[in-house]
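This report refers to the structure that appears directly beneath it.
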Amino acid sequence: MKLLLDTCTFLWIVDQYDQLPMPVVRLFVSAEHEVYLSAASAWEIAAKYGARRLNLATPPERFVPDQRGAHRVLSLPIDEESALHTSRLPLLHRDPFDRILVGQAIVHGMTILTPDRLITQYPARTMW
């Protein structure tokens, strides 16, 4: 299975791993799954860091690739088809980062690992 990490899930894997639910940990560590972080999540991390709403040990341009590598998480670029698919999603909320994750999950047949109840209402596969 291809797993797409919600931004908060990635940050919790990095800093609060012991507080993740065991089913999420099992999915994340299973060799059967490919785990991805969207470039949209990297953008969200950078935006929150720049707005001083997120503290990181290092600047995002080092933090994101270093932590992806340390946790064996692959990078998922934002592609045109996924971006355009967001126009077909219901307006459950206006968070562009979450909407692109949903678009990417649908277009690429991925499952989003997220605790976010709004994301689970979109027509994408989610697990938590």
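The values are calculated or read from the model by the stated rules, or taken from the named source; none is laboratory data. Quantities reported herein were computed from a predicted structural model and do not represent experimental measurements. Cβ: placed from backbone, ideal geometry, glycine included. Neighbour counts: every protein chain shown.
General observations
- Where a residue in the stretch 1-21 is under 18 Å from ALA47 (Cα atoms) and its partner, wherever it lies, is of a type in the set (D, E, K, R), with Cβ under 8 Å and at least six apart: ASP6/ASP98; ASP6/ASP116; THR7/GLU44; CYS8/ASP116
- Some residue of the stretch 94-103 being over 16 Å from the mean Cα position of the chain (by Cα) and either free of Cβ contacts under 8 Å to residues at least 60 places away in the same chain or surrounded by fewer than 19 Cβ atoms within 10 Å (Cβ to Cβ) (or both): yes
- Inter-residue pairs, beta-carbon under 6 Å, first at pLDDT below 95 and in the stretch 79-93, second not hydroxyl-bearing (Ser, Thr, Tyr), 6+ apart: LEU92/LEU118; LEU92/GLN121; HIS93/LEU118
- Failed item, numbered, when LEU91 is tested on (1) within 16 Å of LEU5 (Cα to Cα); (2) part of a loop (DSSP other than H, G, I, E, B): (1)
- Scanning the stretch 57-74 finds no residues that are assigned to a helix (DSSP H, G or I), at pLDDT 95 or above and within 16 Å of ILE112 (Cβ to Cβ).
- Given (1) touching a residue at least 12 places away in the same chain (Cβ under 8 Å); (2) under 20 Å from ASP98 (Cβ atoms); (3) not in a helix (DSSP H, G or I), index of the condition GLU32 fails: (2)
- Boolean, LEU54 is modelled with pLDDT under 95, in a loop (DSSP other than H, G, I, E, B) and either surrounded by 13 or more Cβ atoms within 10 Å (Cβ to Cβ) or touching a Ser or Thr at 6+ places or on another chain (Cβ under 8 Å) (or both): no
- Filter result for the condition that a residue is crowded, with 16+ Cβ neighbours inside 10 Å and under 26 Å from MET1 (Cβ atoms), over VAL29, VAL25, VAL35: VAL35
- Only one of the numbered conditions (1) surrounded by 15 or more Cβ atoms within 10 Å (Cβ to Cβ); (2) over 16 Å from GLU44 (Cα atoms); (3) among the polar types (S, T, N, Q) is violated by GLN67, and that is (2).
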